[in-house]
Amino acid sequence: MTTGADLRDIDRADVYKGNVRAGSLTRSGDNVSFHYDDDYLARPGADPVAWSLPTDAVDVSVGAGSVPPFFAGLLPEGVRLSGVVAGMKTSEDDHFTILLGVGSDTIGDVRVVPHETELQPATLAFDPESPSPDLRALFDQLSGPDSMRVDTASLPGVQGKVSAQMYTSPVATTQGAAILKLAPPERFPRLVENENFFMAVAESCGLVVPRRQIATDARGVSGLLVQRFDGDGDRRLAQEDACQINSLYPSSKYRMKTETVLDTLASTVERGGGSARQAALELLRLTVYSYAIGNGDLHGKNYSIRRKTSGMWGVTPAYDLLCTQPYMGWNDPMALTFYGRNNKWSRDHIVDGAARHRLPRKAVERVLDDVCAGVRAATSDVESIGFDDKTTSRMTRFISARCDELSS
């Protein structure tokens with residue numbers, strides 16, 4: 001097995017699109033460049049590795065130790081990144097080496113491995129049907145110095161005001177690829193239960209969400225297992241988030257505007273054979289729902305599109321949905337503005353903003369009505385999250401008030 005120290009000495013990587021080698025990444029000093037293979041370009045209908053890397057592009061080169069933005073979007077963040085960096089004995093700005101270590105199982109259908117290295121199947125690390133293991137010990141294995149041995153998947157993490165504290169790591173299970181999420185209960189109580197609850201509510205509001213389950217170990221530590229949706233059996237599906245589509249580095253995820261996200265993702269879906277209007281409405285539904293529940297972490301990496309099994313592109317299932325307010329003093333605005341506002345939205349503000357995207361007023365009002373009805377119906381069940389009575393009561397009032405704003 002190649003060690004972290006060995007990877008620091010490697011200066012060329014093979015880039016696969018699905019199971020076909022499409023190109024290479026080459027490191028020369030602090031510069032990293034991407035180049036398509038001539039054999040790949042000669043294939044009939046060869047797909048680009050990413051929307052920001054068209055097949056007619058010349059070499060794409062960046063400096064300062066970075067990799068091109070699309071590849072940077074494949075790198076882990078937060079706790080996962082810290083563990084991988086420690087295990088590889090490198091630094092967080094050494095993008096190329098980190099990508100060599102975790103790139104064999106990234107989100108989507110692009111994989112990156114050291115030059116002339118064969119692709120390896122994902123390792124099996126967790127059986128959710130067996131007696132639950134020590135979840136924190138498992139996470140330490142997946143994200144600590146041993147993580148390169150147990151599971152080499154890379155998940156672009158959610159690093160924000162609350163969710164940076166969520167321990168998030170990919171994990172292979174007997175039921176398929178999943179994401180394991182743990183929370184530090186001392187600082188962020190009921191974070192796992194919070195997300196599980198609002199993911200379920202999202203479904204009642206018309207959003208598509210992945211399958212998930214809460215696992216609790218013998219010590220009472222809860223983890224949320226969320227099914228990955230970037231594959232169909234053994235087939236991988238292309239997937240990109242708003243930062244990648246806009247050729248932005250992950251550090252820009254809080255500097256985007258919601259209207260830009262809607263425009264660029266919807267137009268990209270249309271280029272991929274899907275419906276721009278349907279995509280924009282689905283993204284708007286996700287945005288409205290996040291506002292209604294007080295989710296202040298809906299940033300640029302939490303809006304994504306994928307290539308469906310039909311070959312057409314569309315919006316991915318929604319993910320990372322929770323009410324961040326209890327952890328942020330009940331004053332957590334939206335991560336991205338929507339036409340100049342990150343708070344104090346109203347029904348008219350949403351309708352007027354959507355009109356700029358040429359979305360039919362009736363369809364937009366239906367989105368608003370669906371979300372408000374679903375969230376209001378859930379207020380009677382907020383206590384099931386497990387917060388104390390005071391927090392439960394305040395959360396109920398908060399989301400009810402948000403629904404009132406979106407109803408008038």
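The numbers here are math on the coordinates, done by the rules we state, and not lab data. None of the values given here were measured: they were computed from a predicted structure. Methodologically, a virtual Cβ is constructed for each residue, glycine included, from the backbone with ideal geometry; neighbour enumeration extends over all protein chains shown.
Here are some notes:
- In a reduced charge model with +1 at each Lys and Arg Cβ and -1 at each Asp and Glu Cβ, the chain shows a dipole moment near 1240 debye about its Cα centre.
- The chain: relative contact order as a whole-number percent, Cα under 8 Å and 6+ apart: 13 percent
- Summing charges over neighbours of residue 408, with a neighbour being any other residue whose Cβ is under 10 Å away from its Cβ, gives -2 when K and R count +1 and D and E count -1.
- Across 181/301; 17/89; 301/344; 181/344; 257/362, pairs whose alpha-carbon gap is larger than 26 Å: 17/89; 181/344
- About its Cα centre, the stretch 9-113 has a charge dipole of approximately 220 debye under the convention of +1 per Lys or Arg Cβ and -1 per Asp or Glu Cβ, with nothing else charged.
- Long-range amide H partners of residue 208 with built H, under 5 Å: 318
- A cut-off of 5 Å between modelled amide H atoms, ignoring neighbours fewer than 5 places along the same chain, links residue 231 with 237.
- Given their separation in residues at 0.36 nm each and the Cα-Cα distance between them, residue 312 and residue 251 gain 19.1 nm when the chain is fully extended.
- Comparing mean-square fluctuations of 356, 285, 111 from a GNM of the chain with C-alpha springs under 10 Å, the top value falls on 356.
- Expressed to the nearest 5 percent, the antiparallel share of DSSP beta bridges inside the chain is 90 percent.
- Between 22, 57, 354, the residue with the greatest mean-square fluctuation in the GNM of the chain (Cα pairs under 10 Å linked by springs) is 57.
- With neighbours defined as other Cβ atoms within 10 Å of a residue's Cβ, the residues 15, 58, 221 order from fewest to most as 58, 221, 15.
- Across the stretch 9-113, C-alpha contacts under 8 Å between residues 6 or more apart give a mean separation that, scaled by the residue count, equals a relative contact order of 27 percent.
- In the stretch 235-407, the DSSP beta bridges split such that about 90 percent are antiparallel, to the nearest 5.
- Size of charge dipole - the stretch 167-269 - debye, nearest 20, with Cβ of Lys, Arg +1 and Asp, Glu -1, no other charges: 240 debye
- Per-residue extension of 0.36 nm, minus the Cα-Cα distance of residue 355 and residue 19, leaves a gain of 116.7 nm for this segment.
- Relative to the longest principal axis of the Cα atoms of the chain, helix 389-407 runs at roughly 90 degrees.
- Dipole orientation for the chain: of the candidates 302, 392, 72, 392 has the Cα lying most toward the positive pole (charges on Cβ; Lys, Arg +1; Asp, Glu -1).
- Angle of helix 276-293 to the longest C-alpha principal axis of the chain, folded into 0 to 90 degrees and rounded to 10: 60°.
- Amide hydrogen neighbours beyond the local backbone of residue 60, cut-off 5 Å, H modeled: 34
- Karplus-derived HN-Hα couplings along the stretch 300-315 (A = 6.51, B = -1.76, C = 1.60, θ = phi - 60°), whole Hz, x at Gly and Pro: x, 8, 9, 10, 9, 10, 8, 8, 6, 4, 6, x, 7, 8, x, 6
- Taking all Cα pairs closer than 8 Å and separated by 6 or more residues, the relative contact order of the stretch 235-407 comes to 24 percent.
- Whole-Hz ³J(HN,Hα) from phi, Karplus 6.51 cos²θ - 1.76 cosθ + 1.60, for the stretch 235-243, glycine and proline x: 8, 8, 10, 4, 8, 9, 9, 5, 5
- Nearest-0.05 FRET efficiency for residue 57 and residue 384, computed from C-beta distance (R0 60 Å): 0.75
- Within a Gaussian network of the chain (alpha carbon springs, distance under 10 Å), most fluctuating of 383, 186, 195: 186
- Our coupling estimate for the stretch 246-253, obtained by passing each phi through the Karplus curve with A = 6.51, B = -1.76, C = 1.60 and θ = phi - 60°, is 8, 6, 10, 6, x, 5, 8, 5 Hz, Gly and Pro reported as x.
- Ranked packing of 233-240, 36-43, most packed first, by mean Cβ within 10 Å: 233-240, 36-43
- The chain: angle of helix 361-378 to the longest principal axis, Cα-based, in degrees nearest 10: 80 degrees
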